[in-house]
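Pasting a structure here, questions to come.
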Amino acid sequence: MNLTSKQRAYLGSEASTMNAIFQIGKASLTPELINGLDEALEKRELIKISVLKNCADDPREIAEIIAERTHSVVVKVIGKKSFFSVRQKRIQNTNYL
């Protein structure tokens with residue numbers, strides 16, 4: 001699932017006004033955090049997370065791992081903030097006649 005540069009720019013501008021809904025701290029990525037992110041991505045199409053200063057891991061690496069485990073797309077990583085998006089599945093209506 002690759003995004004075009006226009007899609008990334010649009011989603012990045014939408015996410016810039018959002019508040020971070022998850023914070024990653026000293027414990028880094030835990031299974032509970034991944035489950036919470038996965039549930040949030042089911043409810044919303046776009047989420048924003050922040051990595052706290054006491055987390056020793058690189059925010060870009062964390063973003064890649066989250067995207068892999070939640071089957072999402074990293075929209076943008078700016079400093080300690082990361083934006084993720086999931087494309088919603090379209091349900092096709094079929095007529096059986």
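The values are calculated or read from the model by the stated rules, or taken from the named source; none is laboratory data. Worth saying up front: this structure is predicted, and the values here are computed from it rather than measured. Note: ideal-geometry Cβ built from the backbone for every residue, glycine included; neighbour counts use all protein chains shown.
For PHE84, indicate whether it is aromatic (Phe, Trp, Tyr) and at pLDDT 90 or above.
Criteria not met by PHE84.
Which one of the conditions (1) closer than 23 Å to LYS6 by Cβ; (2) touching a helix residue (DSSP H, G or I) at 6+ places or on another chain (Cβ under 6 Å) does VAL51 fail to meet, given that it meets all the rest?
Only one criterion in (1) closer than 23 Å to LYS6 by Cβ; (2) touching a helix residue (DSSP H, G or I) at 6+ places or on another chain (Cβ under 6 Å) is unmet by VAL51, namely (1).
So, in region 58-72, exactly how many residues are surrounded by fewer than 19 Cβ atoms within 10 Å (Cβ to Cβ) and more than 14 Å from ALA40 (Cβ to Cβ)?
Here the count works out to 7.
Hey, can you tell me all the residues within region 17-57 that are surrounded by 12 or more Cβ atoms within 10 Å (Cβ to Cβ), under 18 Å from SER72 (Cα atoms) and not aliphatic (A, V, I, L, M)?
Those that are surrounded by 12 or more Cβ atoms within 10 Å (Cβ to Cβ), under 18 Å from SER72 (Cα atoms) and not aliphatic (A, V, I, L, M): PHE22, GLN23, ASN35, GLY36, ASP38, ARG44, GLU45, LYS48, SER50.
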